[in-house]
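Notes follow the structure.
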Amino acid sequence: MRRRDFVKLGSILAATATPRAAFAENGRSEGPWKSAKSVDFLYDGLNLSPMEYANLLMKLADEGKIKPDFYSNGGVVEELEVKFAKLLGKESGVFMPTGTLANHIAIRKLSGNNRRVIVQEQSHIYNDTGDCSQILSGLNLIPLGTNAIEFSLDDVEKVIAKTKLGRVEAQLGTIAIETPVRRQRDRMISYNSLKEMTEYARKNDIKTHLDGARLFKQSVHTGIEPRQYGELFDTVFTSMWKCFNASSGAILAGDRSFTDKLFHERRMFGGGLPAAWVFAAVALHYADGFIDDYKLAWSNSEKLFSELARDERVKFGKIENGTHFVNMQLSNANPEKFRAGLAKRNIEVAKYGDQGFMFKINPSINRVPVQELTGLFHEALTES
């Protein structure tokens, strides 16, 4: 791939880029279009604009770092698969266009003829996929741990005991676990709990899958490497969009016997994209740097919030077993004026809710020195 192949792409993206206000939804700020010094507290990664994305592709093309794939096989896609298989502690990885497909194919293949799958009641698999596992693959999802981040071994044993009492023989095929749990403010399950669950499953010939869409953030907060989490499970997926700034994509990793010819199932479900390099090249570019970038972002956020907390109108709180969310409450100040004041200064935050502002920490905070960022927050507070 050469630079001139991207010049037209960059021009098209720039011409069709829609002002950010048109996408204001789910509490997102109607602030100005992203600049080199913009900061947001909304996303997991940098949320690159179309122009930033196109410019990065041009740079990577100039450096000879984009080798084309063919229907999501080979080229830079294969480089990405190899990279993340190693990072996740697995022998092999397969690119998937979305995390939804990665999770679906994982539990489908792991379960085989044992169609019952235990999931968290709060999981993405159970709540946010339109029952695709049930409709498309005939799996029977059994949700446990209502309104909680996890379920217990006792919960699993009760399911197994009940299954054995059935008049038609059935077996539990897979236990799928998501951590951090998005619907629970990205709270995380402890490594020891995961280890206990996967050891039990292995002893009882039950397969296990880890939905680790945001696993690399959890690793920063626990000090446990992603590969150590991945090694506990038969398969693991992580998102290329959330932390690694690709516009889409995921890696599903396992042993070679699992991933061998898995691209056929990917294509069967319509996921064999004719060209996936546009996602893979960007994710690969950020693969080795995210953890260090996020560590710095978290450190900078702690300095920022420590300074802001000196103002008696501001109170901060962290989420129990949390990862990147920080709660900010205001008193004797107008939250919407404060939010608008931040937006004028290229700082985006979600709307004020029952629990105040929920700030999601990501590497965009590193774009502005902490002292300068603190000053911008104080200016917005003064205007509120």
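The values are calculated or read from the model by the stated rules, or taken from the named source; none is laboratory data. Remember, it's a predicted structure, so these values are computed and weren't measured experimentally. So basically every Cβ, Gly included, is an ideal-geometry build from the backbone, and we count neighbours across all protein chains shown.
Brief remarks follow.
- If you check Leu330, Leu252, Leu262 for being surrounded by 17 or more Cβ atoms within 10 Å (Cβ to Cβ), touching a Phe, Trp or Tyr at 6+ places or on another chain (Cβ under 9 Å) and touching a residue at least 60 places away in the same chain (Cβ under 8 Å), only one passes: Leu252.
- Single residue of segment 224-254 satisfying the filter (farther than 30 Å from Pro50 by Cβ and of a type in the set (Val, Ile, Thr)) that is nearest to the chain's Cα centre (by Cα): Val236
- Close pairs (6 angstrom Cβ cut-off, 6 or more residues apart or separate chains): aliphatic (A, V, I, L, M) in segment 231-245, part of a strand (DSSP E or B) anywhere: Val236/Leu210; Val236/Ala253; Met240/Ala250
- Residue count for segment 184-205 satisfying the condition of being surrounded by fewer than 22 Cβ atoms within 10 Å (Cβ to Cβ), in a loop (DSSP other than H, G, I, E, B) and under 14 Å from the mean Cα position of the chain (by Cα): 1.
- Single match in Thr146, Thr129 (criterion: in contact with a His (Cβ under 9 Å, 6 or more places away or on another chain) and part of a loop (DSSP other than H, G, I, E, B)): Thr129
- Flag for Thr208 being within 11 Å of the chain's Cα centre (by Cα), crowded, with 20+ Cβ neighbours inside 10 Å and either of a type in the set (Val, Ile, Thr) or at pLDDT below 95 (or both): no
- Note on segment 114-159: residues that are closer than 17 Å to Leu101 by Cα and either buried (at least 18 other Cβ atoms within 10 Å of the Cβ) or in contact (Cβ under 8 Å) with a residue 40 or more places away in the chain (or both) amount to 12.
- Taking the criterion of being free of Cβ contacts under 8 Å to residues at least 60 places away in the same chain and either at negative phi or outside the structural domain of Ser239 (by TED's automatic domain parsing) (or both), the only residue of segment 265-278 that qualifies is Met268.
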